[in-house]
Amino acid sequence: MTISFKDRVAIVTGAGGGLGKQHALELGRRGAKVVVNDLGGSLDGSGSSASAAELVAQEICDNGGAAIANGASVTDLDAVQGMIDATMSKWGRIDILVNNAGILRDKTFAKMELANWHAVLDVHLTGSLNTTKCVWSIMTEQNYGRIVMTTSTSGLFGNFGQSNYGAAKLGLVGFMHTLRLEGAKYNIFTNAIAPIAATRMTLELPGFEDSAQRLAPELVTPAVVFLCSDKAPNGRIIQAAGGRYYSADVRENTGVDLGLEASVEDIEDNIEAILDMSANVGILERTPHR
Ligand SMILES: NC(=O)c1ccc[n+]([C@@H]2O[C@H](COP(=O)([O-])OP(=O)(O)OC[C@H]3O[C@@H](n4cnc5c(N)ncnc54)[C@H](O)[C@@H]3O)[C@@H](O)[C@H]2O)c1
């Protein structure tokens, strides 16, 4: 194995099942000491159980690795701080954070109750904020960190019935891009994974029938584990689905300079050039202007 996590400490949220479990097992297999976090609730975020995280931590230890289970909800800043404190007192450092915990509350926008907006943003976006905020100063002091945000094609491209989830998932990309800039000088690299996998989250969706093998969550894990490694890029979005790995990006075109007198009519006259994306640059090569 060329990619090893010996002496590295990793936290994976939502690692009691699905994708997070596979990420945690593989990090453990490759020598990381792993904190297996999971609230152990249902798909919509209700309920809790410590057993899911405990079973995965036990599996890592049975395989000869080192792991502890943690049942904190990522939405609870005090509980997250408790997890970080417990990790620091046991292992003295935190190198890797995989923000993976997630819930779904799908409804078309017309039918979505505001409570379902807040619940979804709370777990995906604020949950990732809470964990990242608690590890950030540890990583800057260590001059080392690898953070992975779990985004989704629903955020990158939109998906019917997922306005809350899509908003949270694209929010994570914006969050990542600022951390990419602010973390670089501390050797903290932040990236995002956009997975597609057969888990309880996708079980009922059209197109996922008989997908257990074809879209095994284990096939997302290699990309996530690479993003946790010394060789990770910074500020990239890797999509992973059924053994195919590809990138997404935020792009802009060169546009039209309409000068200081620009009017609504000028926009109307130039709308085709303004919207034409045939020549464009990605977020990494653009020259910022504000
Ligand atoms: N499966 C896919 O195709 C797919 C696609 C795009 C994005 N994702 C994302 O991947 C991540 C993992 O999803 P999955 O498909 O493995 O589903 P999953 O439901 O199996 O896993 C999510 C895990 O997060 C845990 N969790 C939920 N709320 C939590 C909280 N407040 N605190 C701690 N843990 C909590 C759950 O208990 C669960 O074990 C999610 O962020 C999801 O949005 C999945």
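Read-outs: derived from the displayed coordinates by stated rules, not from any lab. In this text the structure is predicted, and so the values were computed from the model without any measurement. Counting neighbours? That spans all protein chains shown, and the Cβs are built from the backbone with ideal geometry, glycine included.
When only DSSP loop residues count, what trypsin sites (Lys or Arg not before Pro) in the range 1-93 have their Cβ near at most 14 other Cβ atoms within 10 Å? Intermediate results must be reported in sequence, preceding the final value.
Working: sites: LYS6, ARG8, LYS21, ARG29, ARG30, LYS33, LYS90, ARG93; in loops: LYS6, ARG8, ARG30, ARG93.
Sparse-neighbourhood loop trypsin sites (Lys or Arg not before Pro): LYS6.
I need PHE5, PHE109 ordered by Cβ neighbour count within 10 Å, fewest first.
On the way: PHE5 25, PHE109 11.
Placing the least packed residue first, the sequence is PHE109, PHE5.
Return the subset of LYS107/LYS133; LYS21/LYS133; LYS6/LYS90; LYS21/LYS231; LYS185/LYS231; LYS111/LYS133 for which the Cα-Cα distance in this structure is over 26 Å, preserving the input order.
Too far apart for the 26 Å limit: LYS107/LYS133; LYS111/LYS133.
When ARG244, ARG286 are ordered from fewest to most other Cβ atoms inside 10 Å of their Cβ, what list results?
If I rank by nearby Cβ atoms, fewest first, I get ARG244, ARG286.
In the chain, once you exclude exposed GluC sites (Glu not before Pro) (DSSP loop, at most 11 other Cβ within 10 angstrom), what's the longest stretch remaining?
The segment 1-112 is the longest one with no such site.
I'd like the antiparallel share, as a percent to the nearest 5, of DSSP beta bridges with both residues in the range 1-124.
Of all bridge pairs located within the range 1-124, approximately 0 percent are antiparallel.
Can you show me the helix-derived [θ] at 222 nm for the chain, built from DSSP H runs with n ≥ 4 at -39,500 (n - 2.57) apiece and divided by the number of residues, rounded to the nearest 500.
It lands at -11500 deg cm²/dmol.
Take the chain, connect every pair of alpha-carbon atoms lying under 10 Å apart with a spring to form a Gaussian network, then pick out the residue of PRO195, PRO217, PRO206 with the largest mean-square fluctuation.
Result for the chain, Cα springs under 10 Å: PRO206 fluctuates most.
Picking from GLN142, ASN164, GLY16, whose Cα lies most toward the positive end of the charge dipole for the range 9-248 (charges on Cβ: Lys, Arg +1; Asp, Glu -1)?
GLN142
Any idea what the dipole of the chain comes to, in debye rounded to 20, about its Cα centre with Lys/Arg Cβ at +1 and Asp/Glu Cβ at -1?
So the magnitude is around 1220 debye.
Hydropathy at least -0.5 by Kyte-Doolittle, axial extent at least 20 angstrom from the Cα trace: which helices of the chain, defined as entire DSSP H runs, fit?
77-91, 127-142, 163-183
With viscosity set to 1.002 mPa s at 20 °C, what whole-number translational diffusion coefficient in µm²/s follows for the range 9-248 from Stokes-Einstein and a Kirkwood radius over Cα pairs?
It diffuses with D of about 122 µm²/s by this estimate.
Using θ = phi - 60° and the Karplus form 6.51 cos²θ - 1.76 cosθ + 1.60, what ³J(HN,Hα) does each residue of the range 188-203 get, whole Hz, x for Gly and Pro?
9, 10, 10, 9, 10, 10, 10, x, 9, 8, 7, 9, 5, 5, 10, 3
Looking at the chain, what % of its DSSP beta bridges pair antiparallel, to the nearest 5?
Among the beta bridges of the chain, antiparallel pairing accounts for roughly 20 percent.
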